[in-house]
Structure formats: C-alpha cells, structure tokens
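Written below as structure tokens is the structure these notes are about.
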Amino acid sequence: MTSDEEFTLKYYRASLEEVGTPELDQRILAAAHRRVVQRRVLRVGGGVVALVGIALVSIHATSHHRAARVKMQTPSPGVREYGAIEDVTRSYLLQVQVPAYARPGMNEGR
C-alpha cells in the first residue's frame, strides 16, 4: 500500500466507533477496483461502438454515392423513341443544326 492509502485507512478507522478489520478494508478496495474496471470497459466499449458506427455510416454513404454515379453514367436500356414528347424523331434530333444563313431579327434577344 502507498502512504496515501495507509493514511486514508487510518483516517477511516479513526472516524468509526468500531474499528473495521483489514478484511473489511480489502473488500472495500476490491469493490472500488471492480467499479473502476467496469467504468473503463464501458468507456472503451463506447468508443469502439462509436468508431464502428462512423465507419458503417461512411461505408453506407460511399456505396450510395457510387451507385448514384454509376446509375448516371449508364444509359437506361428501356428508353426508346427519343423526342416522342416533342413529336420529332431520333434521326431528326441527331441531325438538327443551326440555320446556315442569318436574317434580320435572328439574333435578337441573345
């Protein structure tokens, strides 16, 4: 025992009317030690759970980001009849060009 523990034990024993036995002192110290160990385990366990949670959230977010990026890059196989809403055909949409000549009023509002 250190001198601080001895002083504490002497002070404790002096404050009681009936002096406790060394066995009682050992039980008290053992209970305090168990409580300290429990707190440390809970703190470390909480830190591990927090780190695992952060890792899972980042993995989940990354996978959704990748899936969205891949989805944007690959064309949808079910899309057909381009321009059907505008009543034009796909070949027209691929070949449409700016008019070759300029008339008065063509560039107004640009």
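The values are calculated or read from the model by the stated rules, or taken from the named source; none is laboratory data. What you see is a predicted model; the values in this text were computed from it and never measured. FYI the Cβ positions are ideal-geometry reconstructions off the backbone, even for glycines, and counts take in every protein chain you see.
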| Exclusive hit being at pLDDT below 75, loosely packed, with under 10 Cβ neighbours inside 10 Å, β-branched (Val, Ile, Thr) and over 30 Å from TYR12 (Cα atoms), set VAL79, VAL88 | VAL79
| note | Among LEU42, LEU56, the single one that is modelled with pLDDT of 90 or more and within 18 Å of the chain's Cα centre (by Cα) is LEU56
| request: Examine region 98-110 for a residue that is at positive phi, in contact with a Lys or Arg (Cβ under 7 Å, 6 or more places away or on another chain) and either modelled with pLDDT under 70 or aliphatic (A, V, I, L, M) (or both), and state whether such a residue exists. | output: no
